[in-house]
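One structure is given here, and the rest of the page talks about it.
The values are calculated or read from the model by the stated rules, or taken from the named source; none is laboratory data. In this text, all values refer to a predicted model and were calculated from it rather than measured experimentally. Here the Cβ positions follow ideal geometry from the backbone for every residue, glycine too, while neighbour counts run over all protein chains shown.
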């Protein structure tokens, strides 16, 4: 009986130590809110069309196959020529919100990391999902843009172009610049 107990303790200890040294990617989250001095309906009118991302500075053009219908695929062509394909997961006109997920991205560049060629996507993330919501606050609006994602490099020891810091910096930059531009457009 003592042998079985010792073997069980050893196995549990080995498993626990193995978990401590695991260093795979951790789900990241970014959320930005902004108060806009305009009615919620005016703000929503700027962002409500899934096939129109003209309010986001990094986007040159947008196409979508089904408009605001769930499952609609939109392709964002970025100012730098890259592309991001996103799928509409949820759309609620009444609540002034929608949610989407990135399904494909073009490659920004190729790097060598640990002796292998690695492709860096235009947004250094993997499994990216987000939602945007407009909420009335009297004569003003609050827009919340939330996202969750992994770094682009899913193995251990990521290169700096695809680590958590690169992912967080890129995503936060998109959210902040988009909301700042939305504020400027809505307050005109």
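Select from segment 42-68 the residues that are without any contact (Cβ under 8 Å) to a residue 12 or more places away in the chain and under 15 Å from residue 185 (Cβ atoms) and write down the one among them that is surrounded by the most Cβ atoms within 10 Å (Cβ to Cβ). Quick ask: steps written out before the conclusion?
First pass over segment 42-68, keeping only residues without any contact (Cβ under 8 Å) to a residue 12 or more places away in the chain: 45, 52, 54, 65.
Filter once more, so that each one left must be under 15 Å from residue 185 (Cβ atoms): 45, 52, 54.
On the way: 45: 14, 52: 16, 54: 14.
Among them, the one singled out is 52.
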Read through the list (1) assigned to a loop (DSSP other than H, G, I, E, B); (2) buried (at least 17 other Cβ atoms within 10 Å of the Cβ), then give the number of the only condition that residue 81 fails. (2)
Run residue 142 past the list (1) assigned to a loop (DSSP other than H, G, I, E, B); (2) surrounded by fewer than 21 Cβ atoms within 10 Å (Cβ to Cβ) and report the number of the one that doesn't hold. (1)
Can you find even one residue in segment 108-123 that is over 14 Å from residue 29 (Cα atoms), surrounded by 17 or more Cβ atoms within 10 Å (Cβ to Cβ), touching a residue at least 12 places away in the same chain (Cβ under 8 Å) and under 10 Å from the mean Cα position of the chain (by Cα)? yes
The one condition residue 71 fails out of (1) part of a loop (DSSP other than H, G, I, E, B); (2) within 20 Å of the chain's Cα centre (by Cα); (3) without any contact (Cβ under 8 Å) to a residue 60 or more places away in the chain; (4) closer than 20 Å to residue 179 by Cα is (4)
Testing residue 123 on (1) closer than 23 Å to residue 172 by Cβ; (2) assigned to a strand (DSSP E or B), one condition comes back false. Which one is that? (2)
Picking from 130, 136, 167, 99, the residue that is within 13 Å of the chain's Cα centre (by Cα), touching a residue at least 40 places away in the same chain (Cβ under 8 Å) and either assigned to a strand (DSSP E or B) or crowded, with 17+ Cβ neighbours inside 10 Å (or both) would be 167
In segment 55-68, which residues are part of a loop (DSSP other than H, G, I, E, B) and either in contact with a helix residue (DSSP H, G or I) (Cβ under 6 Å, 6 or more places away or on another chain) or under 27 Å from residue 135 (Cα atoms) (or both)? 55, 56, 57, 58, 66, 67, 68
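If I filter segment 29-40 for residues that are part of a helix (DSSP H, G or I), surrounded by 12 or more Cβ atoms within 10 Å (Cβ to Cβ) and modelled with pLDDT of 95 or more, do I get at least one hit?
Taking segment 29-40 as the starting set, the residues that turn out to be part of a helix (DSSP H, G or I) are 40.
So of that shortlist, the ones also surrounded by 12 or more Cβ atoms within 10 Å (Cβ to Cβ) come out as 40.
This time we only want the ones that are modelled with pLDDT of 95 or more, so: 40.
Yes, that holds for at least one residue.
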